Structure formats: C-alpha cells, structure tokens
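Any read-out appearing in this document is the output of simple, stated calculations on the displayed coordinates, not a laboratory observation. Predicted, not measured: the structure shown is a model, and the values here were computed from it. Glycine also receives a Cβ, built like all others from the backbone with ideal geometry; neighbour counts cover every protein chain displayed.
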Amino acid sequence: MEDAIRAIAEPRRREILRLVWDAERPAGDIAAHFDVSRPAISQHLRVLREAGLVSERREGTMRLYRARPEGVAELRAYLDRFWEEGLATLKREAEREERKGRFRMITPSKRRTGGGPTGTGRTPGRKRPTRA
C-alpha cells in the first residue's frame, strides 16, 4: 500500500492515472500530454505499474497502459479507513473535551476587541458609549 501512496504523491502520476482511467493509451500518447522527456514518463508509468495502479499490455512495439480499477479501489479503501479512523478519534476527543467543559464555541458577541485595525482599541463601526 505504501508504494501506491508514494506513487500518487507525485502530481504527474495522478494526471497519468486520469489519462488512462477510461481508456487504454500508448506510452507516446501519454508522454505527449507533458512537457518532460519520454524516459521521465516511462519512469512514472513504471512506478504506477509496480504500485499496482496501472496495467501494461504490449501490442507489437507499443506499450499500452490502463488504470487498474482494483488497484485504485484497494488504495481508496485504505485511505477511507484511514480517514474514518482519524475522524472518529477526533470526534471522540472533541466530545470528551466538551463534556469536561473545556471546549466552547466563541461567538462574535463574546470576542474581545482591542487595538483593532483603527488603532483606537475599538472595532470599526462600533460607537463609544455616551456619558451623561
């Protein structure tokens, strides 16, 4: 799974995945979408293939690439579990802090003002109380 995560960390590889998601494409066609050398694109394709995210098929001298939905599905399931666990932990901690009374929302009426942008210690648009 770490190989797949490392593979999609690079923006060009994510773009390559988008290109080959719906259709099989030859390496030359993929390379034509980028301003880098063909060997650089071949390296990116190799990383994606070794991570199980794309498949390679040879037809004569052409190499054709296509996204592997099952490889992408495994990566997505892993990331979904990662986020679900993290969000569940965050929710539990927030609820625990709220029960302790440590966590409270600060509403605009409870905010302190001081040294606002006007340099007067007042918030713009707010009038000073008048003294009788």
For this session: Apply the Karplus parameterisation 6.51 cos²θ - 1.76 cosθ + 1.60, with θ equal to phi minus 60°, to every residue of region 45-59 and state each ³J(HN,Hα) to the nearest whole Hz, in sequence, with x for glycine and proline.
Result: 5, 4, 4, 5, 5, 5, 7, x, 9, 9, 10, 10, 10, 9, 9
For this session: Go through region 8-24 residue by residue and turn each phi into a ³J(HN,Hα) via Karplus (6.51, -1.76, 1.60, θ = phi - 60°); whole Hz please, and just put x for glycine and proline.
Result: 7, 5, 8, x, 5, 5, 5, 5, 4, 4, 4, 5, 9, 5, 9, 8, 6
Exercise. What spacing in nm lies between the two simple spin-label points modelled at E84 and E15, each 7 Å away from Cα in the Cβ direction?
Worked result: 3.4
For this session: Would you mind checking region 1-45 for residues with the amide N under 14 Å from a putative spin-label position 7 Å along Cα→C-beta of A77?
Result: 1
Exercise. Hey, what does the equivalent ellipsoid look like for region 30-94, semi-axes from the Cα gyration tensor as sqrt of 5 times each eigenvalue, largest first, whole Å?
Worked result: 36, 14, 7
Seminar exercise, completed: Expressed in µm² per second, the diffusion coefficient of region 2-68 from the Stokes-Einstein equation, with Rh the Kirkwood radius over alpha carbon pairs, at 37 °C and 0.692 mPa s, is 283
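Using mean Cβ contacts within 10 Å as the protection proxy, how do 52-59, 8-15 order, highest first?
Order by mean packing, descending: 52-59, 8-15.
What is the fewest-to-most order of W21, W83 by other Cβ atoms lying within 10 Å of their Cβ?
Ordered by Cβ neighbours within 10 Å, fewest first: W83, W21.
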